Every structure is written in structure tokens, then in C-alpha cells.
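Notes follow once the structure below has been shown.
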Amino acid sequence: MQTKSNPDEIESFLTDASFIRDGHADLVVIPETIDEVSEKLARANRDRVPLTVSGAGTGTVGGRVAYGGIVLATDKLNHIKSINQGGFAVVEAGVILADLQRAVDQQGLLYPPDPTERGCFVGGNVATNASGARTFKYGPTRNYIRRLKLVLASGEVVNLRRGEVHADANSRLRIGNSIELTLPDYRMPATRKNATGYFIAPEMDAIDLFIGSEGTLGVICEVEVKLLPKPEGLLSGVVFFADEADVLALVANARKRAEARAIEFFDNESLNFLREKYPTIPSEAVGAIFFEQETTEATEETVLTEWLTLLDQHHALSDSWFATNEPDQAKLREFRHQLPVLMNEWFAHYKQRKVSTDMAVPDDAFPGLFRLYKDTLRASALRYTIFGHIGDNHVHVNILPRNDAEGAHARDLYVQFLKYAASVGGTLSAEHGVGKLKRDYLRLFYTDAQLRAMASIKKALDPNGILGRGNIFSEDLLSQIQ
């Protein structure tokens, strides 16, 4: 097991895409086996030393930013152990998502979860229940996890296979050799996506408690994922519009008529950023969608005709872009993924903490939230972009402050947006998690009693509070739990 303690060597393990910059730790350990993870956790738990799990550093909410203690980096747990034509693969937590997707693609298979940042680790995806563009059809990471091998705070190694361990009718759930807890009964939001706090459902599968737990309940070491047959064909498009109202009308219509696997949105401000790298974006375009729909040889022409008809009905510009072969589809996906890269470059350049929404709301509440975004931001004099997963009622607003005063204004607007989302039954985080950056906003979405009930799960599985300290819960809240 590699160990680092020199400040210069450990600095890169103390940041992520949240741009929180004041993290610190005494030590970084880089285990290569589950036994080494178990040994380190047992010792940290005995000595009550905080331990923060570090993945690839692509998270946006400060989850791997430690404030003291030990950082456990999963970089060397990076083996694809097997890919089975029966529809599953076994990988370690530090496997890069893009590497897994490439490997299964070569076997004629598909791993559907596709967060924007393909350099993320699979373990980090599980820890945040990550999702992405294809979630519109396939759902989030949770839907594709068959088994987890993880290490609890005590050092105990637990192997959870979906379907084997469930909560009973009285909401009692047994984990490992000695932990028994009673699950709370707070309701999950009625949104298409959710990555806010611990998953709870009647008679739930034990594995689902750890998916989306953000490194606070155990260290994920090995994952068995579900695979699907690779689609025979794919139609992709980036379609531009001269009127934003046409974009929104098309999205509403496409939900009902098309069988797309992705529908993504770009507002005018997003297109202005992208024009720096893509000068062929039509000058009259004020909005765009990116879409993908799977095809077969028998359906390819029909699917294309349906989309062309739909786009014509909603006045799409004629110089839109389409792709039916893999090289051209890769170019369109690169276009879709370029905007988050540009946003992160902006925050890094101006040295401002990221101000980005990740809320999702129920279907009938999205038009009101979208209007609030547009009206408020247009009146704010701040730079911003609105883009993302509009098919799931989940767009990202990036507010782009250039100085501390604009940063304060941006955060005030962000709280205004959060309050609206909470009032209509939305979720604080649809895909990025809570981490440290959004922890204090949980009170807008849950009552104090519900938060204490959620924290009681953490207390039962990690009584000394060593794991992921500061993620999801404040130390003050955890101290209230007996």
C-alpha cells in the first residue's frame, strides 16, 4: 500500500471540480487490495481518525475534499476483472468509466450510465448514483448495480448482491455480521432523478442504501454491473432553433412521440460560449437540442423521417447537424460535452467557487422553474448558461461570477432557485450528490426530524463518524444522534 505525506504530493488529492481550495489531510493511502482497505479502515476506526474516500476528482460538490485525517485513494483498485456475455461485468472501484465503456463496447455490449465527465471512476459513480444524457431512457447508475463489495467503517468486508438482503415489513435492515438498523420513513421526491441523501423505500434492497451514499457509509471496492446488448444503430442530432419557444415545444412533443435515449438542451448563452470552438453554429440560433435514438436496419429510415417531421413542425433551422455513423456521433457527443469543460475553465480562471444548479422537479413543475431561471437571470446582469437534461426536467444553470461580489449575488440567486424547487416537490441534487458544498441546503428539502432520521443511518453504520466527514451531514447534526 502506497503512502504519501509530503504536502506537495498529497495536494492533488485534496481538490475536485467544486473548486473548494482549503482541504487538508495528514496522509494519503493508496491501497491495491480490499484487504488493505479493510486494514486501514479498522485502524482508523479504532483510533477515531477521519477517513475520506478519494476517487478521480471529477465530483462537483467537494465530496473528496478532506479536512484532516486520512485520504484513501482508490486509484490502484483499477482492474476490470471480467466481462461476461451473459450481461454483466465485474470491476474495481477505481476503473475509469470510459475504459469500462470501451471494453464492453468491444464485446458488443453497453453500460448505459454516461455522466458528462467520462474520466470519473466507477466507484464514484456508484457513490453518487451518477446519471447523464442517456438517463432519459435508461435511468441512473442504481439501475445497473448487481453487486457491491464494500468495507464498513469497522473494517468488515461486506458482499451485497441485489435481491439477497431486504428490509423487513417493519423497516428493519441487517448489514454485515452485527449491524441492525431501523430505516426512517421519509418520502423520496417524485422526480425522474435523485441523488440527495440516502435512498429509502419499503422493504428496500440493502444494496440501494449504499448507492448514492457519498462515501459516508462504507468504501466501495468492487462493483458488478449490468450490461445490455449494444444497439444495432444510432441516430444523433444537434438541432438549432431561432426561437426558444420552439425548442421547449419540441421537447414536450418528443417526450410523447419519440423513443429517444437522450434529449439535451442548450440556451442562447450556452451557444455563445460554444461558438468560440464551433464557429459553424448558425448565427440566428438562440437554442438547440442534442438527441440520440437507437435504431435497427429495419427502423433507421422510419426513425429519421419521424425526427425530420417533428423538427419541421417546430421550425428547426435547416443547417442543423445529424450523424448515423460512429465517428460523426463521437463529434456530436464531444460538442455536447464541451460546454461543462468550458464552464469549469471559467470558474478556474476567475478563482470562484462553482455556482451551479442540479435540481430536478416533477414533470408539471418544470415550466415554472424554467421561467424563474430565465426571468431572474436576465435581470441579474450576471453571465450564465442553461443546459443539460431537459428530458428529465433537470437542466444545469451555471452562474458565472467574475469576482467575490458577483459570487455573493450568484449564491443569493441559487438559494432562490432552491426554495422554488423545494416548494414544488423537487430534489436538491439530481445527479451530483450533496457533498460538502450543498449540505447546508438540505434543510430546504427535509425537516429537522427527517434529517436526524437520515443521520441515524450514518450513526448506525459508522458510530465513530470517521467516514466522509462533512459530506451530507454537519458534525453538529451527527452529534445530536444518540
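Over all distinct Cα pairs, what is the inverse of the mean 1/r for the stretch 314-362, reported as the Kirkwood hydrodynamic radius in Å?
Roughly 14.0 Å, rounded to one decimal.
Show me, for the stretch 175-188, the HN-Hα J-couplings you get by feeding each phi into the Karplus relation (A = 6.51, B = -1.76, C = 1.60, θ = phi - 60°), rounded to Hz, glycine and proline as x.
10, x, 7, 9, 9, 10, 9, 9, 6, x, 10, 5, 8, 7
Could you grab the relative contact order for the chain? Cα pairs under 8 Å, six or more apart, rounded to a whole percent. Can you show the working numbers first?
Values: 1025 pairs, mean separation 87.3, N = 482.
Result for the chain is 18 percent.
For the stretch 38-156, list log₁₀ I(q)/I(0) at each q in 0.15 Å⁻¹, using the Debye formula over Cα point scatterers of equal strength and ignoring solvent, two decimals each.
Log10 of I(q)/I(0), two decimals: -0.72.
Would you kindly derive the ³J(HN,Hα) couplings of the stretch 75-88 from the backbone phi angles with the Karplus curve 6.51 cos²θ - 1.76 cosθ + 1.60 (θ = phi - 60°), listing them in order in whole Hz, with x for Gly and Pro?
4, 8, 8, 10, 9, 7, 7, 6, 10, 10, 5, x, x, 7
Karplus couplings for the stretch 17-32 from phi (6.51 cos²θ - 1.76 cosθ + 1.60, θ = phi - 60°), rounded to Hz, Gly and Pro as x?
7, 7, 6, 5, 10, 10, x, 7, 8, 7, 7, 10, 10, 10, x, 10
Which net charge results when you count Lys and Arg as +1 and Asp and Glu as -1 among the other residues whose beta-carbon is under 10 Å from that of Arg469?
-1
Taking a ≥ b ≥ c as the square roots of the Cα gyration tensor eigenvalues, with a/c under 1.5 meaning rounded and otherwise prolate when a/b beats b/c, else oblate, which class fits the stretch 229-358? Could you put the intermediate results ahead of the total?
On the way: a/c = 1.98, a/b = 1.55, b/c = 1.28.
Because a/c hits 1.5 or more and a/b exceeds b/c, the stretch 229-358 counts as prolate.
Could you order peptides 388-395, 99-106, 80-87, 353-360 by the average number of other Cβ atoms within 10 Å of their residues, highest first?
Those peptides, ordered most packed to least, come out 388-395, 353-360, 99-106, 80-87.
With a 1.4 Å probe and all protein chains left in place, how much of the accessible area of the stretch 350-482 comes from carbon and sulfur atoms, in whole percent?
Ligands and nucleic acids excluded, carbon and sulfur give 47 percent.
Between the stretch 145-189 and the stretch 256-335, what's the alpha-carbon centroid distance in Å?
For the stretch 145-189 versus the stretch 256-335, the Cα centre distance is 42 Å.
Quick one: helix 34-47 against the long Cα principal axis of the chain, what's the angle to the nearest 10°, folded into 0 to 90?
Rounded to the nearest ten degrees, it is 60.
How large is the accessible surface per residue of the stretch 44-112, computed with a 1.4 Å probe and reported in Å² as a whole number? Present the calculation step by step, with values, prior to reporting the outcome.
Working: 2580 Å² over 69 residues.
About 37 Å² of surface per residue is accessible.
Could you list, bin by bin from short to long, the percent of Cα-Cα pairs of the stretch 382-482 in 10 Å steps?
Using 10 Å bins, I get a P(r) of 13, 38, 30, 17, 2 for the stretch 382-482.
Could you pull out every residue, at least 5 positions away or on a different chain, whose amide H is within less than 5 Å of the one on Arg134? Hs are placed 1.01 Å off N in the peptide plane, and Pro or chain starts have none.
It is Asp114, by chain and number.
Please list, by residue number, every one of the trypsin sites (Lys or Arg not before Pro) in the stretch 210-292 that is coil in DSSP and has at most 10 other beta-carbon atoms within 10 Å.
Sparse-neighbourhood loop trypsin sites (Lys or Arg not before Pro): none present.
Which residues' amide hydrogens lie under 5 Å from the amide hydrogen of Arg383, considering only partners 5 or more residues apart or on another chain, with H built in the peptide plane?
It is Leu400, by chain and number.
Hey, got the dipole for the chain? About the Cα centre, +1 on K and R Cβ, -1 on D and E Cβ, debye to the nearest 20?
Rounded to the nearest 20 debye, it is 1140 debye.
State whether the stretch 1-83 is rounded, prolate or oblate according to the following rule on the C-alpha gyration tensor (a ≥ b ≥ c being the square roots of its eigenvalues): a/c under 1.5 gives rounded; otherwise a/b larger than b/c gives prolate, and the remaining case gives oblate.
Taking the square roots of the gyration eigenvalues as a ≥ b ≥ c, the stretch 1-83 is oblate.
Counting heavy atoms of the protein chains only and a 1.4 Å probe, report the per residue accessible area for the stretch 357-404 as a whole number of Å². Please list the in-between numbers first.
Details: 1450 Å² over 48 residues.
On a per-residue basis, 30 Å².
Heavy-atom accessible area per residue, the stretch 194-319, 1.4 Å probe: how many Å²?
Heavy-atom accessible area per residue stands at 38 Å².
So which of Lys4/Lys438; Lys277/Lys374; Lys193/Lys226 end up more than 22 Å apart, counting from Cα to Cα?
Exceeds cut-off: Lys4/Lys438; Lys277/Lys374.
For Asp243, what residues show an amide H to amide H distance below 5 Å, using hydrogens built from the backbone and excluding near sequence neighbours?
Val286
Normalising by the residue count of the stretch 373-482, find the relative contact order in percent from Cα pairs under 8 Å and 6+ residues apart.
17 percent
Please give the peptides 124-132, 227-235 ranked by average Cβ packing (other Cβ atoms within 10 Å per residue), highest first, as a rough proxy for protection. Mind showing how you got there, number by number?
Values: 124-132: 29.0, 227-235: 15.4.
Those peptides, ordered most packed to least, come out 124-132, 227-235.
Taking loop as defined by DSSP and a crowding limit of 12 other beta carbons within 10 Å, which GluC sites (Glu not before Pro) in the stretch 262-333 fit?
Glu276, Glu284, Glu297
The values are calculated or read from the model by the stated rules, or taken from the named source; none is laboratory data. Predicted model, so just to flag it, every value in this text is computed and none were measured. For neighbour counting, all protein chains shown are included, and Cβ atoms are generated from backbone atoms with ideal geometry for every residue, glycine included. Each accessible area value is taken on the protein alone, full model and side chains, heavy atoms only, with ligands, DNA and RNA left out. Shrake-Rupley method; radii C 1.70, N 1.55, O 1.52, S 1.80 Å.
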